[in-house]
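What follows is calculated from the coordinates using simple rules that are stated; it is not laboratory data. If you're wondering where the values come from, they're calculated on a predicted model, not measured in any experiment. As a convention, Cβ positions derive from the backbone with ideal geometry for all residues, glycine included, and neighbour counts pool all protein chains shown.
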Amino acid sequence: MQSMRLAKHLAHAGVASRRAAEALIADGRVAVDGEVATDPARDVTGEEAITLDGRPVAPPRRERVVFAVNKPAGVVSTARDTHGRPTVVDLVARRDESGARLYPVGRLDADTTGLLLLTDDGDLAHRLTHPRYEVPKTYRARVQGGRVPERALRALREGVALDDGRTAPAHVRQLAPGELELTLREGRKRQVRRMCAAVGHPVQALQRVAFGPLRLGDLPPGAARRLTPAEVARLRSAAAAGPTRRARRSP
Ligand code: URA
């Protein structure tokens, strides 16, 4: 196998962007054949036993793909639906020429619209959705009851008691009376709907407008596009660091 720089090898293996891989190496989290590697420029062939935080790193593989979809209401975000409803994978299949087997990155409720990612990169999908990596997701919610009082906004920001525990601190702004923008770093089932209902303002319509560094932008409903390598690298960086880097500060 051809040799390449260690940081590039890690990036090709889908661990992180090249810059983030260099930081992982500098932090002493990468070992080659059992010895901590400190030089991101050292060459590896891929024959070595390379680990990150003690876990083996997969060998470089063919380029992974990530798609962004603007999910319309009524489309389910599972790979297959037992009730025959359209799925987000169907939306991408028309545009994907890579032949990759794509899976949704997390879920949106059938009646939630907006940004959903699909990828064949299981490691990236895991990091983007696992609460440990605290990747922020931003939603716009239209809620019942008109203007939401400051007391309820504060509760949403500081944490709401739900039946599966208190929610973590969130960014919450009222864009117009009854129009909220919420940024969460966790992703529990129907979390935004349950949080808003808990403060007395049930959700009437919900849209995800951002996922980590990626914004929905002007992607039309039902449309899908493949992310550029730079966008994928930014996503990887956002998902590369866990709470240790962010020192558990609020979002
Ligand atoms: N929160 C919800 O309540 N529903 C979604 O689809 C996403 C976040």
- Report yes if A141 is without any contact (Cβ under 8 Å) to a residue 40 or more places away in the chain and small (G, A, S), otherwise no. no
- Query: Can you pull out the residues in segment 129-182 that are of a type in the set (D, E) and either in a helix (DSSP H, G or I) or under 28 Å from R234 (Cβ atoms) (or both)?
  - Reply: E134, E150, E158, E179, E181
- Note on the structure: Flagged in segment 97-149 as over 26 Å from A13 (Cβ atoms) and either charged (D, E, K, R) or more than 13 Å from the ligand (Cβ to nearest atom) (or both), in numbering order, are R107, D109, D111, R140, R142, Q144, G145, G146, R147, V148, P149
- Residues of segment 46-72 being touching a residue at least 12 places away in the same chain (Cβ under 8 Å) and either among the acidic types (D, E) or more than 24 Å from P229 (Cβ to Cβ) (or both), in sequence order, are E47, E48, A49, T51, D53, G54, P72
- Filtered residue count, segment 161-179, keeping only those that are buried (at least 20 other Cβ atoms within 10 Å of the Cβ) and within 12 Å of the ligand (Cβ to nearest atom): 2
- Message: With the requirement that a residue be aliphatic (A, V, I, L, M) and either buried (at least 20 other Cβ atoms within 10 Å of the Cβ) or part of a helix (DSSP H, G or I) (or both), what does segment 14-43 give you?
- Response: V15, A16, A20, A21, A23, L24, I25, A26, V30, A37
- Query: Could you list, in sequence order, the residues of segment 193-215 that are of a type in the set (V, I, T) and either in contact with a Ser or Thr (Cβ under 8 Å, 6 or more places away or on another chain) or away from the ligand (no atom under 12 Å from the Cβ) (or both)?
  - Reply: V199, V209
